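Each remark here refers to the structure printed beneath this line.
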Amino acid sequence: MYQYSKSMIFVTSLSVLMACGSDDEKAPSAEFNPSLDVNEIHYQVREIQIEAVFEYENGSKQEFRNIYRSAANLSEESIIRRTIEGKYTLEVNEQPASVSILDSNNFEYEKNLSERDYCEILGKSQASGAARFDALELNFNLNMNLKGKDCPPALMESFVTRQKEELAGLNLNLIKTLQDSGLWYHEASKAVQIKVRIKGVSS
């Protein structure tokens, strides 16, 4: 469970990608060459599942669930696993993704922050999955709650800003489209639950 602090001290910064590991030289992939400093695996996104629940200060609730499989929704998504001197990173739409790859196959992270004033922000941001030679799986979960009554505007604004920053770390065009279209409304929210599941195959 992470808690935000007014000083905004980040235990783990999602904007900075940390990765380490080494590939198994016996891995059956024509793309992998241990003699090269840079290796790339390009993934074609086949499916994105999104679930989102927003609860607002006025007591209303917005729920969103959808599974995207069509080229119209997914063709603009680009995901690459890069290997540079034995270290791994994920690049989504030409930007480093906020995911730490612990070895050649698996990655997982969890953030913890805190922020308090008259009210309190509680929550957790997690990602896990596998970036293999043949396929990609990425699971992202965001849970946040604004606890208290008559919260100061600055803290309420921080709550909304943090939601958007966590989601921006994924760099998915589909999420940006949902936000820009108004299907997702972050303002005046007091509780948020978002799940994103990405499946892809190497291309």
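Computed from the coordinates by the stated procedures, all read-outs in this text should not be read as laboratory data. Since the structure is predicted, the reported quantities are computational estimates derived from the model, not experimental observations. Using ideal geometry, Cβ is built from the backbone for each residue, glycine included, and neighbour counts are taken over all protein chains shown.
Figures for the structure shown
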quantity: Spacing of the two label points (7 Å from each Cα toward its C-beta) at K164 and F64, in nm; calculated: 1.4
quantity: Normalised convex hull volume, the range 146-187, alpha-carbon set, Å³ per residue; calculated: 72
quantity: Residue exposure sequence - C119, C151 - by fewest surrounding Cβ within 10 Å; calculated: C119, C151
quantity: Counted charge near E76, where neighbours are those whose Cβ lies closer than 13 Å (Asp, Glu -1; Lys, Arg +1); calculated: -1
quantity: Label-point separation in nm, V53 to K147, each point 7 Å along Cα→Cβ; calculated: 1.8
quantity: Net charge, M144 excluded, C-beta distance under 10 Å - Lys, Arg +1, Asp, Glu -1; calculated: +2
quantity: Flagged links, alpha-carbon separation over 32 Å, of K61/K87; K147/K195; K147/K176; K147/K199; calculated: K61/K87; K147/K199
quantity: Sites S75 and Q126, calculated FRET efficiency, Cβ-Cβ separation with R0 30 Å, nearest 0.05; calculated: 0.60
quantity: Residues K149, K61, sorted so that the one with the fewest Cβ neighbours within 10 Å comes first; calculated: K149, K61
quantity: Likely footprinting exposure, M144, M156, fewest C-beta neighbours within 10 Å first; calculated: M156, M144
